[in-house]
Every structure is written in structure tokens, then in C-alpha cells.
1. When ranked by the protection proxy of mean other Cβ atoms within 10 Å per residue, highest first, what sequence do the peptides 127-133, 33-39 form?
2. Working only with C-alpha atoms, what are the Rg and Dmax values of the stretch 33-113, expressed in angstrom?
3. Whole-Hz ³J(HN,Hα) for each residue in the stretch 23-29, computed from phi via Karplus 6.51 cos²θ - 1.76 cosθ + 1.60 with θ = phi - 60°, x for glycine and proline: what do you get?
4. Which ³J(HN,Hα) values, rounded to whole Hz and listed in residue order, are derived for the stretch 72-88 from phi using the Karplus coefficients 6.51, -1.76 and 1.60 in 6.51 cos²θ - 1.76 cosθ + 1.60 with θ = phi - 60°, glycine and proline given as x?
Amino acid sequence: MSDSQTIIAPGHEGHGHHDPDVPHQFDSLEQKNLTDTLGMWTFLATEVLFFGAIFAALMLYRSLYHKEFVEASKHLLVHIGLINTFILLASSYTVVWTVHCAKHGYDKKWMIFWLIATMGFGSAFLGIKVYEYKTDFNENLVPNWHNFGLNAEESRTLDGEVLKDPTFLTVHPEEWQKALKRSDWDVPTDLEHHADAELFMRHAELFYVFYYTMTMIHAVHMVIGLGIFAFLVYRAGKGAYTRKSQAR
């Protein structure tokens, strides 16, 4: 065999001049993009399975304890949730513009601009969520916390297991009475009704177990996403995302 001859391993023909836009584990840009698409859909499918199980459990317990869950949900800050929903939609819009800039060969500064804008929306979302959690904490609406649902004054009325002032049973006794559909008392003032109201409260507390579990998992996703977008900003600054690399 002459020195000019070269042995090429099967399946690696043509890799001597590898396209810089194609990682070495792929044979072509088309294969890379198809793999990227499959990976993203696989990730989304796992998310559907993960959150789907939690939503299914939530619907089950909501059907079992409907009155309690409805009453507990009244204490959520709906306007905060609405604001954060708009922030999430806005962050999706900025991501779409990032991809659009890459596909159409815009200057990389525009990709970086939209990526940073997305990170800004994500940071705003987390900041608002922290404010919402702080408000819930101040109202003692934290599962398994001492005297769930009581304010500081109501909490001081308790002496061990002895009921001194039954107003601790609820933040809004009149709403709980309506939910319990009891007509023989205005506010639970004796131990007979204390047991019913306490059980009602435990079921309301379960609502907040789901609430914190689902929203905190989402918040963790956001924190990880901010890290990923910071990496994308770095890569975009290096010119890694070109019109050719985004071609389908």
C-alpha cells in the first residue's frame, strides 16, 4: 500500500473535511436537526407524563374534597397568577424572535438581545413568585406549618390541644360555614363542631400541598432555564448559531 493511500473506516467517509456546523457524531446537518427535533419532542413528552400525573392526582382529590379545595383556592392571589401568565407568554414571544433571527441570518446582536429579554422575563416571573410565596407565608398558608391558616393573634389562642378560641379554625369563618352547609351554628364554638371544621381544614391544606408542589417544580424549571439561556447567550456571542446551522 502506498503512502498516499488512506484507510477510511466504514460509515466515516467524507469526515476528513467535516462541516463546522455539524457535530462530529452526525453525518449531516439534516441528521443533526432531525435528532434535535426528536430530542425536544421526547423531552416534552416526559414533561407531559410528569405533570400529567400530578394534574390527575389534583383532579382526583378535588373531586373528593371539592368544597375544601374551592374554599382554599379563594386565598390565592389571582391577579399575580394573571401577571405571571402574561410574562410567560411574552417570554415565548421573545424565544420565537430568537429562532427567527438565527434562521434568517440576522446579526448575532439581535439573537443576544432577544435571549437576554427572555432571561429578563424569566427573572421577573421568579421575583413575582417569591412575592406570592412571601404573602402566603405571612398568612400562614403553608402545609404542615404550625397552626396552618391562623394569623398570629389566632394562633396565640391555642393551648396545646385545648380549644380556647375556635376562630382559629378558619381565616373566614362565615365562608367555611357556607361551604360546610351547616345551619345550626354561625361560627364553630364547641368541640362537637371543632372536629368537622378541623377535618375541613386538613383537606384545604391538601390543596396547598398540590399548589406548592406544582409551582415550585415550575420554578425549578425556570431557574434551570435561566442557566441554559445564559449558555445560549455565550454561544450566540461566539457566532455558533448561523442561518446554515438552523436550516431545516
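Values in this text are rule-based calculations from the coordinates and carry no lab data. Nothing here was measured: the structure is a model prediction, and the numbers come from that model. All Cβ positions, even for glycine, are placed from backbone atoms using ideal geometry, and neighbour counts span all protein chains on display.
1. Order by mean packing, descending: 127-133, 33-39.
2. 19.2, 56
3. Coupling constants for the stretch 23-29: x, 5, 7, 10, 8, 7, 5 Hz.
4. 5, 5, 5, 8, 6, 8, 4, 5, 5, x, 5, 4, 5, 5, 5, 5, 5
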